[in-house]
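Okay, so here's the structure we're looking at.
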Amino acid sequence: MAEVNKNVVPLLFFLSFAVIIPTLHAHIAEFDDYWKLRAEQARKDALEAYHPQPEEITNNFNSHVNKDLIGNNSTRRQLRKYKGPCLATNPIDRCWRCDPNWHNNRKKLANCVLGFGYKTVGGKYGRYYVVTDSSDDDMVNPKPGTLRYAVIQPQPLWIIFARSMVIRLNQELIMTGDKTIDARGANVRIAHGAGITIQFVKNVIIHNLHIHDIVVGSGGTIRDAIDHIGFRTMSDGDGISIFGASNIWIDHVSMSNCRDGLIDAIMGSTAITISNCHFTHHNEVMLFGASDSYSGDQLMQITVAFNHFGRGLVQRMPRCRWGFVHVVNNDYTHWLMYAIGGSSHPTIISQGNRFIAPPNLAAKEVTKRDYAGESEWKNWVWRSQGDLMMNGAFFVQSGSPLKKKPFSRRQLIKAKRGTYVGRLTRFSGTIACKRGKPC
């Protein structure tokens, strides 16, 4: 992608945001004064979260990974359930996981995020809120003790769960900012109903949830804040929808089988890290960027790290438009069509991933470019550095290497390459944490 003047980007973002939002406002049937103010604040937050030199974040991330790998030679993924002592195999997990007192120090998690979402603190500066009721019966006046009641509160909250539960959302769960949903210590499933919507807010952490079998919500009157009730159209059936939001961290989430995407990040969303997740049984896994015509997504900066893309996946891991996406140390063990795709000249830096191609000879290519001929996409910056290609997998690179802030040999972890991915992603997905014991 051609370098864009950092003073021009906010202007382009403002113009495209102002033009597009009135017609594409993510199931808001009435874009009233409340949502106009929320959208305007979200635009300001996104501009503040945008990093004009994204290579600095990728360099910083790689330095952290390299420090954790020095002196460790394990390269195999252990497929059997691990029953040994706590192992924190990547720098995010090493920050918190092996502390037996984690349940009394839950908010330490907020210090552990790396990548573009590194400033995300969620509900760190708020009180704890305990979800005691798995029901979701009243969309207008949610019951205290329910997850829906917790996420619409105006103040920062660190939301935890009294016990294991299955929550079937009758309509999309519309969150306010400065919230952490922390399901450690319980088996919590968002399933067989609508998904989670993070729209025009900032500062959200979602951790250790199962999200699966998400369906389309019919829409209707829904309370989206303590002091506002709005009318929504049908939701798409995304597991997690990030819309015009910034400073978002999704970590140790297990996701499968949603009606639309597992995770979408669109319409000016930025400063996002998706880490340590396990994705299975889905077609269009992740979409970054709303449309080829929405240039506001050139502010999008997303880190995808330490995730396992597993059984039953087809494509979009992720599919990117515009923006800058750092795909680092993920394990791609299954896809049917392709792994990483895109259009509208996104910058995609793929580092230290393991790509295991399917048997189909027509699906060996990791990458897929849409709506552009080679004369155009050859200038898109899609670089593969230290990736491990297996079973005939190949990554078609394009564009020039990033020269402004070149990666050092140590930052690229070239000596280790993708062979370390089995270890780095060994504990992806939800973790069975017990009080008094390391996770």
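The values are calculated or read from the model by the stated rules, or taken from the named source; none is laboratory data. Since the model is a prediction, treat every value here as computed from it, not as a measurement. Neighbour counts run over all protein chains shown; Cβ positions are idealised from the backbone, glycine included.
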**Study point:** Selection count where residues are at pLDDT below 95 and of a type in the set (A, V, I, L, M), scope the range 312-326
**Key:** 1
Point to revise | Scan of the range 349-380 for residues that are part of a loop (DSSP other than H, G, I, E, B) and more than 11 Å from N391 (Cα to Cα), ordered by number | key: G352, N353, V366, D370, Y371, A372, G373, K378, N379, W380
**Study point:** Residues located in the range 168-187, provided they are under 21 Å from the mean Cα position of the chain (by Cα) and not charged (D, E, K, R)
**Key:** L169, L173, I174, M175, T176, G177, T180, I181, A183, N187
Exercise for review: Taking the residues in the range 278-295 that are out of contact with any Leu (no Cβ under 8 Å at 6 or more places or on another chain) and crowded, with 24+ Cβ neighbours inside 10 Å as candidates, determine which candidate is farthest from G429 (Cα to Cα).
Suggested key: G289
Check your understanding: If you take the residues of the range 154-180 that are out of contact with any His (no Cβ under 8 Å at 6 or more places or on another chain) and of a type in the set (S, T, Y), which of them is surrounded by the most Cβ atoms within 10 Å (Cβ to Cβ)?
Key -> T176
Check your understanding: Only one of (1) of a type in the set (V, I, T); (2) within 30 Å of G220 (Cα to Cα); (3) crowded, with 17+ Cβ neighbours inside 10 Å; (4) modelled with pLDDT under 80 is not met by T23, so which one is it?
Key -> (3)
**Study point:** Filter result (farther than 22 Å from G422 by Cα and in a loop (DSSP other than H, G, I, E, B)) within the range 262-296
**Key:** L262, M267, G268, S269, G289, A290, S291, D292, S293, Y294
**Study point:** Hits in the range 84-140 - residues which are farther than 23 Å from Y50 by Cα, of a type in the set (S, T, N, Q) and loosely packed, with under 15 Cβ neighbours inside 10 Å
**Key:** N101, N104, N105, T132
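The rows are residues; the columns are (1) free of Cβ contacts under 8 Å to residues at least 12 places away in the same chain; (2) crowded, with 24+ Cβ neighbours inside 10 Å; (3) at negative phi.
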position	(1), (2), (3)
N247	no, yes, no
M267	no, yes, no
D297	no, yes, yes
R311	no, no, yes
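Looking at this structure, is A305 at negative phi, touching a His at 6+ places or on another chain (Cβ under 8 Å) and crowded, with 24+ Cβ neighbours inside 10 Å? Talk me through it step by step, then tell me what you get.
Numbers: at negative phi: yes; touching a His at 6+ places or on another chain (Cβ under 8 Å): yes; crowded, with 24+ Cβ neighbours inside 10 Å: yes.
For A305, the condition - at negative phi, touching a His at 6+ places or on another chain (Cβ under 8 Å) and crowded, with 24+ Cβ neighbours inside 10 Å - is met.
Quick grid of which residues meet (1) modelled with pLDDT under 95; (2) in contact with a strand residue (DSSP E or B) (Cβ under 6 Å, 6 or more places away or on another chain); (3) in a loop (DSSP other than H, G, I, E, B); (4) over 19 Å from N276 (Cβ atoms):
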{"position": "L109", "(1), (2), (3), (4)": "no, no, no, no"}
{"position": "T120", "(1), (2), (3), (4)": "no, yes, yes, no"}
{"position": "Y125", "(1), (2), (3), (4)": "no, no, yes, yes"}
{"position": "Y128", "(1), (2), (3), (4)": "no, yes, no, yes"}
{"position": "P142", "(1), (2), (3), (4)": "no, no, yes, yes"}
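Look through the range 206-259, keep the residues that are among the polar types (S, T, N, Q) and assigned to a loop (DSSP other than H, G, I, E, B), and return whichever of them is farthest from D137 (Cα to Cα).
Let us first name the residues in the range 206-259 that are among the polar types (S, T, N, Q), namely 208, 218, 221, 233, 235, 241, 246-247, 254, 256-257.
From the residues that got through so far, the ones that are assigned to a loop (DSSP other than H, G, I, E, B) too are 208, 218, 233, 235.
On the way: N208: 24, S218: 14, T233: 18, S235: 17 Å.
For the range 206-259, the residue satisfying everything is N208.
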Review point. Restricted to the range 144-153, and to residues that are outside any loop (DSSP other than H, G, I, E, B) and either hydrophobic (A, V, I, L, M, F, W, C) or in contact with a Leu (Cβ under 8 Å, 6 or more places away or on another chain) (or both), which residue is surrounded by the fewest Cβ atoms within 10 Å (Cβ to Cβ)?
Key: A150
Practice item. Please indicate, with yes or no, whether at least one residue in the range 108-118 is touching a Gly at 6+ places or on another chain (Cβ under 9 Å) and among the polar types (S, T, N, Q). Key: no
Review point. Only one of (1) farther than 24 Å from H192 by Cβ; (2) in contact with a strand residue (DSSP E or B) (Cβ under 9 Å, 6 or more places away or on another chain) fails for N257. Which number is that?
Key: (1)
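Residue-by-condition table, conditions (1) modelled with pLDDT under 95; (2) surrounded by fewer than 21 Cβ atoms within 10 Å (Cβ to Cβ); (3) aromatic (F, W, Y); (4) within 24 Å of T89 (Cβ to Cβ):
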{"position": "L336", "(1), (2), (3), (4)": "no, yes, no, no"}
{"position": "A339", "(1), (2), (3), (4)": "no, no, no, yes"}
{"position": "P346", "(1), (2), (3), (4)": "no, no, no, no"}
{"position": "F355", "(1), (2), (3), (4)": "no, no, yes, yes"}
{"position": "P359", "(1), (2), (3), (4)": "no, yes, no, no"}
{"position": "V396", "(1), (2), (3), (4)": "no, yes, no, no"}
{"position": "P406", "(1), (2), (3), (4)": "yes, yes, no, no"}
{"position": "K414", "(1), (2), (3), (4)": "yes, yes, no, yes"}
Practice item. Consider only pairs whose beta carbons are under 8 Å apart and that are at least six residues apart or on different chains; among these, list those whose first residue lies in the range 205-219 and is on the phi > 0 side of the Ramachandran plot and surrounded by fewer than 24 Cβ atoms within 10 Å (Cβ to Cβ) and whose second residue is in a strand (DSSP E or B) and of a type outside the set (S, T, Y). Key: D213/A191; D213/N257; D213/C258; G219/F231; G219/R232
